[in-house]
1. Can you tell me which residues in the range 6-26 are exposed (fewer than 14 other Cβ atoms within 10 Å of the Cβ) and in contact (Cβ under 8 Å) with a residue 60 or more places away in the chain?
2. Against the conditions (1) out of contact with any strand residue (DSSP E or B) (no Cβ under 6 Å at 6 or more places or on another chain); (2) closer than 18 Å to GLN219 by Cβ; (3) not small (Gly, Ala, Ser), where does GLU196 fall short? Just the number, please.
3. Hey, can you tell me all the residues within the range 57-97 that are in contact with a Cys (Cβ under 9 Å, 6 or more places away or on another chain) and free of Cβ contacts under 8 Å to residues at least 40 places away in the same chain?
4. Quick one: which helices (runs of 4 or more DSSP H) lie wholly within the range 1-104 and hold at least 2 residues that are within 30 Å of SER252 (Cβ to Cβ) and polar (S, T, N, Q)?
5. Output the residues belonging to the range 61-109 that are within 16 Å of ILE4 (Cβ to Cβ) and of a type in the set (Val, Ile, Thr).
6. Within the range 274-299, track down each residue that is small (Gly, Ala, Ser), in contact (Cβ under 8 Å) with a residue 60 or more places away in the chain and in a helix (DSSP H, G or I).
7. Hey, can you tell me all the residues within the range 170-228 that are more than 22 Å from the chain's Cα centre (by Cα), under 14 Å from LEU132 (Cα atoms) and among the acidic types (Asp, Glu)?
Amino acid sequence: MNIIDIHKTFKSDDQCTEYLAKLRWPDGVRCLTCGTDKVKQYSSPTKKQPSRKVYECQEPTCKQQFTATSGTIFHDTHLPLTKWFLALSILVDAKKSVSAKQLQRHLGTGYKTAWYLAHRIRKAMEESDRPLLGGIVEMDETYVGGRTKSWQRYKNKDVVVGMRQRGGQLHLVHAPDSTAFTLKEIAEGHISPDVEALMTDELPAYKTSLEKFSGKHKQIRHKDKVYVLAGNIHTNTIESAFSLFKRGIVGSFHRVSIKHLQRYLNEFQFRFNRRDNANRFEETLSRMARVKPMPFAELTQPVPAKSV
């Protein structure tokens, strides 16, 4: 669905709630506590939600009341679902993402509301069950942070390790450093040992960290101004993904907190891996209907952070 389809299809919160219920319970509504399908729906209007409806379990020992948003990322939201749907349609289609400030203008909300909303959508974009990358894979690292002197190129910067299967998926990881031990852990956690070939640049740490891929590991020397070797040995594919992410930081966000860097990486890889999927909106919304709530305190807890 594009933004015009969203506007035409979901004109009221009732329509949004009904659609959420179908995504959450495709085989019919079930009690969140006991799992029975003996459920009835009742009107339960409130001052802010005059058309609010609740489900009530009909099991005598349960009698649990819940709504289509109970226990999900939408739980206890004070924002109309129509605005949630609009924000989601904007985020899943924005190639370089959208800042909270821009969402604030689009939705007519406060900045804090837009920022919190965007991070809850990003939470639904986390993928913990991704298959290992196979075929021909490119692996590279990049550094994000403020401007530094040339001789302090990597000082106070954070490492992002990227792996991209040619013609396949992209994985982005916020790494603590770019040592051989860290690169080894990341590579073995994301790349199949049966990979056809693994391409990297000349970083010395790759030689020791990728011993498991011996015979399949190919390196290109950028210091010699060589960018493609033997026709297919290069890291141009993963570097283009890095370029897209950095343009998002510079052009859309301007600054992001390192504390939330992995969330931004999750968003970019989720959208990138579904760039040809016409059902991006429906898939993401379905994930949001299954993800547990994220309290505001979880985002704002005092963790040392710096900005890039």
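The values are calculated or read from the model by the stated rules, or taken from the named source; none is laboratory data. Nothing here was measured: the structure is a model prediction, and the numbers come from that model. Neighbour counts run over all protein chains shown; Cβ positions are idealised from the backbone, glycine included.
1. Result: LYS11, SER12.
2. (1)
3. CYS57, GLN58, GLU59, THR61, CYS62, LYS63, GLN64, GLN65, PHE66, listed by residue number.
4. It comes to 81-93.
5. If the condition is that a residue be within 16 Å of ILE4 (Cβ to Cβ) and of a type in the set (Val, Ile, Thr), then THR82, ILE90, VAL92 are the ones that fit.
6. Within the range 274-299, SER286 is the sole residue that qualifies.
7. Within the range 170-228, ASP194, GLU196 meet the criteria.
A quick yes/no check of all residues on (1) in contact with a Phe, Trp or Tyr (Cβ under 6 Å, 6 or more places away or on another chain); (2) assigned by TED's automatic domain parsing to the domain that holds LEU170; (3) modelled with pLDDT of 90 or more; (4) not in a loop (DSSP other than H, G, I, E, B):
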position: GLU202; (1), (2), (3), (4): no, yes, yes, no
position: THR208; (1), (2), (3), (4): no, yes, yes, yes
position: LYS212; (1), (2), (3), (4): no, yes, yes, yes
position: VAL226; (1), (2), (3), (4): no, yes, no, no
position: GLY231; (1), (2), (3), (4): no, yes, no, no
